[in-house]
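Colleague: Before I ask anything, let me first share the structure, which is written out below as structure tokens.
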Amino acid sequence: MPARVLYLHHVVELSGAERSLRLLLRHLDRARVEPLFAGPARGALVAALAADGVPTLPLPFSRLRQVGAVLLTVARLVRLVRLHGVDLLHANGPQTNVPAGLAGRLTGIPVVWHARNLVVGNMLDVDRALAPLATRIVCNADAIRRRFAGSRGWDRSLTIINAVDTREFHLGVPRAPFRQALGVADDGVLVGIVGRLGFGKGHEHFIGAALQLLRAGVAAQFVIVGDPLFDEDAWRADALRRAVKDAGCEDRIRFVGYRRDVPGVMRGLDVLVLASDAEPCGRVLFEAMASGTAVVATDSGGTPEIVRDGVEGLLVPPGDPDALAHALAALIADCDQRVRLGAAGVARVAAKFTIERHVARTLAVYDEVLAGRRAR
């Protein structure tokens, strides 16, 4: 009998963490795991999981400061566990981790937390403080796992880095359609940043570097792929467009919004830029590398664990458009180096970051915690 695993998440939209969760569920061995999902009643993530054949159960998750609402969620979750015969809870983020940990204690089933984010500044690290509620804590990167150093969460934590489906992102995806849509010649250089527009994602640094290069006469085209996903970020797109318009570079720095054909986008780019202040484990890095696209990324967060400086890409300090422009200028001018970095990226993904490897390591965690339950 497959283990029945209930996955928990509180976010409605489909961003990086949600896409990673969906990718895991799509590739689970259904002979070993029967997945269910509990979270928002509607939204892009729920619709995507339902389309993948994952049963979805409505369960609201409140902010942790709303203690009464959290306790009500715990009671509902306990009922779901008992009603559906759940063997294991897999939660994604503090808003679901804490209720899952409490429900696990009340029902006697193991609980896996997935720590997908860095904690910066004066943020309270709830996961670290309440780590004993988890049976195991899966971290997306060693940079994330370091949150638990010196705490009771360290020994129960491990790192399983994100992954990519190499049947979706690969060298066989045509390069031409995306480039032709932008009017980029076969021998032109196309540099892009891909992902939602939001705080800390560094789009202003990407545009600052692009403007520097264009003013210096560098022959390249630049593209911003993605839109704001959350209402509080809507103004950012307007500000970025205004900066490009004021510089008179609208024909060289293009905004194309959200695209569904991300494999084609990644293959069409010559260089993928990740300009975030501190990205925990950027999905776009795996996608670009699997596509044979050279990478320029910020040397922060979990990125150095994925892209090695001078091997699969070039790493630059975060928040430094001058350094970003310098690295881009080097790659724009050197096709051979772009090809070398791209080929190294394909090899590294094949060796370290396939979804098959990711699933196997996750299932090993499930086997471990379920065996511990059976031994009690």
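The values are calculated or read from the model by the stated rules, or taken from the named source; none is laboratory data. For clarity, every value in this text was computed on a predicted model and none was experimentally measured. All Cβ positions, even for glycine, are placed from backbone atoms using ideal geometry, and neighbour counts span all protein chains on display. Accessible surface areas use protein heavy atoms only, side chains included; no ligands, DNA or RNA. Shrake-Rupley method; radii C 1.70, N 1.55, O 1.52, S 1.80 Å.
Colleague: Hey, with R₀ at 51 Å, roughly what FRET efficiency would Arg242 and Arg361 work out to, going by the Cβ-Cβ distance, to 0.05?
Modeller: Numbers: r = 45 Å, r/R0 = 0.88.
Rounded to the nearest 0.05, the efficiency is 0.70.
Colleague: Computed from these coordinates, which is Kirkwood radius over Cα pairs in Å: (1) 25.2; (2) 23.4; (3) 21.6?
Modeller: (3)
Colleague: OK, next. Which one, Leu88, Leu24, Ala129, projects farthest toward the positive side of the charge dipole computed for the stretch 1-147 from Cβ point charges (K/R +1, D/E -1)?
Modeller: Ala129
Colleague: Now a separate question. Note down the magnitude of the dipole of the chain about its Cα centre, charges +1 on Lys and Arg C-beta and -1 on Asp and Glu C-beta and zero elsewhere, to the nearest 20 debye.
Modeller: Working: 47 positive and 39 negative charges, 330 e Å.
Here the size comes out at about 1580 debye.
Colleague: Next question. Gaussian network model of the chain, Cα springs within a sub-10 Å range: biggest mean-square fluctuation belongs to which of Val218, Val346, Val273?
Modeller: Checking each option, the largest mean-square fluctuation is seen for Val218.
Colleague: With the crude spin-label approximation of a point 7 Å out along Cα→Cβ, what separation in nm comes out for Ala219 versus Ser15?
Modeller: 4.0 nm
Colleague: Oh, and also: If I compute solvent accessible area with a 1.4 Å probe over the protein chains, what percent of it on the stretch 202-337 is carbon and sulfur? Mind dumping the intermediate values first?
Modeller: Details: 2560 of 5330 Å².
The computed percentage sits at 48.
Colleague: Springs between alpha-carbon pairs under 10 angstrom, Gaussian network model over the chain: which of Arg267, Arg308, Arg30 fluctuates most?
Modeller: Residue with maximal mean-square fluctuation among Arg267, Arg308, Arg30: Arg30.
Colleague: So if each residue of separation counts as 0.36 nm, and I subtract the Cα-Cα distance between Phe230 and Val126, what length gain in nm does that give?
Modeller: Working: separation 104, 0.36 × 104 = 37.44 nm, distance 2.34 nm.
Length gained, Phe230 through Val126: 35.1 nm.
Colleague: Any idea how far apart Ala41 and Arg105 come out in nm if each label point goes 7 Å out from Cα toward Cβ?
Modeller: Spacing of the two 7 Å Cα→Cβ label points: 3.0 nm.
Colleague: Please give the contour-minus-distance gain from Glu250 to Ala371: 0.36 nm per residue of separation, less the Cα-Cα distance, rounded to one decimal in nm.
Modeller: Working: separation 121, 0.36 × 121 = 43.56 nm, distance 5.88 nm.
Length difference between fully extended and current span is 37.7 nm.
Colleague: If you don't mind, another one. Ignoring ligands, DNA and RNA, please state the percent of accessible area on the stretch 48-155 from carbon and sulfur, probe 1.4 Å. Could the numbers behind the result be given before it?
Modeller: On the way: 2700 of 4900 Å².
Ligands and nucleic acids excluded, carbon and sulfur reach 55 percent.
Colleague: Under a 10 Å cutoff between Cα atoms, tell me which one of Leu133, Leu25, Leu213 has the largest fluctuation in the Gaussian network model of the chain.
Modeller: So, out of Leu133, Leu25, Leu213, the one fluctuating most is Leu213.
Colleague: What FRET efficiency would be calculated for the residue pair Arg146, Arg79, taking the C-beta separation as r and a Förster radius of 41 Å, to the nearest 0.05? If you can, show how the numbers build up before the last one.
Modeller: On the way: r = 37 Å, r/R0 = 0.89.
Efficiency, rounded to the nearest 0.05: 0.65.
Colleague: Determine, from the Cβ-Cβ distance of Tyr258 and His27 and an R0 of 22 Å, the FRET efficiency 1/(1 + (r/R0)^6), rounded to the nearest 0.05. All intermediate terms of the calculation are to be shown ahead of the outcome.
Modeller: On the way: r = 24 Å, r/R0 = 1.09.
With a Förster radius of 22 Å, E is 0.35.
Colleague: Taking only protein heavy atoms and a 1.4 Å probe, what accessible area per residue, in Å², does the stretch 253-335 have with all protein chains in place? Working shown, then result.
Modeller: Working: 2510 Å² over 83 residues.
On a per-residue basis, the stretch 253-335 sits at 30 Å².
Colleague: Among residues other than Pro317 whose Cβ falls under 11 Å from its Cβ, what is the net charge (Lys/Arg +1, Asp/Glu -1)? Show your work: numbers first, answer last.
Modeller: Working: positive: none; negative: Asp277, Asp299, Asp320, Asp322.
Net local charge, Pro317 excluded: -4.
Colleague: For Arg167 and Arg65, compute 0.36 nm times the residue count separating them, minus their Cα-Cα distance, and round to one decimal in nm.
Modeller: On the way: separation 102, 0.36 × 102 = 36.72 nm, distance 4.26 nm.
Separation in residues times 0.36 nm, less the Cα-Cα distance, equals 32.5 nm.
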